[in-house]
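The values are calculated or read from the model by the stated rules, or taken from the named source; none is laboratory data. Since this is a predicted model, take the numbers as computed values, not measurements. Note: ideal-geometry Cβ built from the backbone for every residue, glycine included; neighbour counts use all protein chains shown.
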Amino acid sequence: MKKTVTTLADGRELIYYDSADDTVRDAVDRRPLDAVSTSSEIRRDPLLGDSVAIASHRQGRTYHPPADECPLCPSQEGRLSEIPDSGYDVAVFENRFPSLAGDSGRCEVVCFTSDHDVSFAGLTEEQAALVLEAWTDRTADLAELPQVAQVFCFENRGAEIGVTLGHPHGQIYGYPFVTPRTEQMLRSMESHRADTGRNLFDDVVARELADGDRVVLEGEHWVAFVPYAAHWPYEVHLHPRRRVPDLRELDQDARTEFPQIYLELLRRFDRIFGPGEPPTPYISAWHQAPFRAPGREEFGLHLELFTIRRTSGKLKFLAGSESGMGVFINDVPPEAAAQRLREVASE
Ligand SMILES: [Zn+2]
C-alpha cells in the first residue's frame, strides 16, 4: 500500500491510498478555493449531559449534484473536483463542510473508489482490503491529535438515509469527546466485569454463538449475528473472534478475511427485500475504543450494520417512542431477521 499526503487549494489535507507501491500522485489542486470558515460549536445539553454540534455553515453544502459535477469523481480537464488526480484507488480528504473542525474535532470524507456508479458491495476484495487499510491508518493518524478523543468510521448509503452525494463514499469523525453510546457501552462493560469477572464483549459473542438462532455468518476470524435485542429491523453486528479495542490492533489473519465477510454481508443486505427492490439503504458503523478512556483495552471493536427499511417501500421512522423517549420498537423479530439474512446468502 502506498500513502501520499498532499493538500487541497484551501489548505485541507488530502490523502491517497493506492494498492500499487509505485503509484505517483502529484496532481495539484488548481481550483480558486477560498478558505472555508468553519464555525462549528459544541453545546452541552444540561438535562441529558450530552453534546450537540451546532454547524450552521453546513447549510450551504453540495446537495445532490448531477453525476457530471460529482465532487468525489477524479478531476478531468475542464471539470475540477475535490480529487485533483485523474484517477485514484482510495482517497480521503478533510470535509469542506465539516460538522466538527478545529478544536472541536475533525471530519473526513473517504472515497472508496473512483468509479461513480458502483456501491461498496460491488467492490473487489482487493479494493475492500484497501479501504480497511485506509480506515486503520486514519484511526492511527487521528489518535495523534490531542483534540480527538474517539474515531468513528462509517458509511451512510442511500438517499433515504440522507446521503447527498451518489458517489460511493463514507466518512470519518474524530470527536473531541467520548460519544454517549460509547460511554454507555463502557459503563455496561465495567458493571459486567464487576458482576461476573468476565468481559462483556466476549460474553455477548459467546452467547450468540451458543444460541445460534441469530448467527448470520461465521468466518475463521469473524462472527456476524443479529443481536438479541436488535434495535433496527435488520441489524447485524460483526465482531473479530479475537477481541481488540480498535482497528489498529486487528491481526493480519482478521484483515485478510475481512473483505470476503463484509462484502458478503453487504450483498445479502441488498437481497433482503427481494429482486426488483431498490438497493437497501444502510448505515455501517465501526465502534472503536476511545483513545484515552480507562478500560479501553477491554473494549471490543465491532461493526454495526443496519437498515432503516422494514419492508418493501416502507421505512422505520424514529417516531414518538424512539425520538421522544429513546425506546426502540422493532417490528422484525431478531431471529426472523437472521433467518432472512441466511436465506439470501450468495450461491
Ligand atoms: Zn462521482
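Listed by first and then second residue, the pairs linking a residue in the stretch 68-95 that is within 11 Å of the ligand (Cβ to nearest atom) to a residue that is acidic (Asp, Glu) and part of a loop (DSSP other than H, G, I, E, B), with Cβ atoms under 6 Å apart and 6 or more places separating them unless they lie on different chains, are PRO71/GLU82; PRO74/ASP85. The listed residues are THR113, THR139, and the only one of them that is in contact with a helix residue (DSSP H, G or I) (Cβ under 7 Å, 6 or more places away or on another chain), at pLDDT 90 or above and in a loop (DSSP other than H, G, I, E, B) turns out to be THR113.
Of the set (1) assigned to a helix (DSSP H, G or I); (2) out of contact with any strand residue (DSSP E or B) (no Cβ under 7 Å at 6 or more places or on another chain), all apply to VAL131 but (2). Among the residues making up the stretch 193-211, a single one is part of a loop (DSSP other than H, G, I, E, B) and in contact (Cβ under 8 Å) with a residue 60 or more places away in the chain: ASN199.
Starting from residues that are modelled with pLDDT under 85 and surrounded by fewer than 12 Cβ atoms within 10 Å (Cβ to Cβ), keep the ones in the stretch 48-67 and report whichever is nearest to the ligand (Cβ to nearest atom). Out of the qualifying residues, it is ALA67.
A quick yes/no check of all residues on (1) in a helix (DSSP H, G or I); (2) modelled with pLDDT of 95 or more:
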{"position": "TRP286", "(1), (2)": "no, yes"}
{"position": "PRO294", "(1), (2)": "no, no"}
{"position": "GLU297", "(1), (2)": "yes, yes"}
{"position": "GLY300", "(1), (2)": "no, yes"}
{"position": "ARG310", "(1), (2)": "no, no"}
{"position": "LEU318", "(1), (2)": "no, no"}
{"position": "SER323", "(1), (2)": "yes, no"}
{"position": "PHE328", "(1), (2)": "no, no"}
{"position": "ASP331", "(1), (2)": "no, no"}
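A quick yes/no check of all residues on (1) over 16 Å from LEU341 (Cα atoms); (2) not in a loop (DSSP other than H, G, I, E, B):
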| residue | (1), (2) |
| --- | --- |
| SER191 | yes, yes |
| ASP213 | no, no |
| PRO227 | no, no |
| GLU235 | no, yes |
| LEU238 | no, yes |
| LEU265 | no, yes |
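Among the conditions (1) within 16 Å of the ligand (Cβ to nearest atom); (2) touching a strand residue (DSSP E or B) at 6+ places or on another chain (Cβ under 8 Å); (3) at pLDDT 95 or above, LEU123 misses just one, which is (2). The C-beta contact set for the stretch 236-258 (first residue closer than 18 Å to MET189 by Cβ and at pLDDT 95 or above, second residue among the polar types (S, T, N, Q) and not in a loop (DSSP other than H, G, I, E, B), distance under 7 angstrom, 6+ apart or interchain) comprises ASP246/THR139.
Going through the stretch 1-26 one residue at a time, which ones are surrounded by 17 or more Cβ atoms within 10 Å (Cβ to Cβ), over 25 Å from the mean Cα position of the chain (by Cα) and either in a strand (DSSP E or B) or of a type outside the set (Ser, Thr, Tyr) (or both)? Correct list: ARG25 only.
Scanning the stretch 143-181 for residues that are on the phi < 0 side of the Ramachandran plot, away from the ligand (no atom under 16 Å from the Cβ) and assigned to a loop (DSSP other than H, G, I, E, B) yields GLU144, LEU145, PRO146, GLN147, VAL148, ALA149, PRO176, PHE177, VAL178, THR179. Scan the stretch 243-259 and give yes if some residue there is in contact with a strand residue (DSSP E or B) (Cβ under 7 Å, 6 or more places away or on another chain) and among the charged types (D, E, K, R), otherwise no. Yes, there is a match, as at least one residue in the stretch 243-259 is in contact with a strand residue (DSSP E or B) (Cβ under 7 Å, 6 or more places away or on another chain) and among the charged types (D, E, K, R). Among residues of the stretch 172-185 that are of a type in the set (A, V, I, L, M), those with a Cβ under 6 angstrom from a residue that is in a loop (DSSP other than H, G, I, E, B), sequence gap 6+ or separate chain, pair up as VAL178/ALA149; VAL178/PRO290; VAL178/ALA293.
The rows are residues; the columns are (1) out of contact with any Phe, Trp or Tyr (no Cβ under 9 Å at 6 or more places or on another chain); (2) farther than 17 Å from PRO98 by Cβ.
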{"position": "THR164", "(1), (2)": "no, no"}
{"position": "HIS169", "(1), (2)": "no, no"}
{"position": "TYR175", "(1), (2)": "no, no"}
{"position": "LEU186", "(1), (2)": "no, yes"}
{"position": "GLU190", "(1), (2)": "yes, yes"}
{"position": "ASP203", "(1), (2)": "yes, yes"}
{"position": "GLU208", "(1), (2)": "no, yes"}
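When THR139, THR113 are screened for being buried (at least 20 other Cβ atoms within 10 Å of the Cβ), of a type in the set (Ser, Thr, Tyr), within 16 Å of the ligand (Cβ to nearest atom) and within 17 Å of the chain's Cα centre (by Cα), only THR113 passes.
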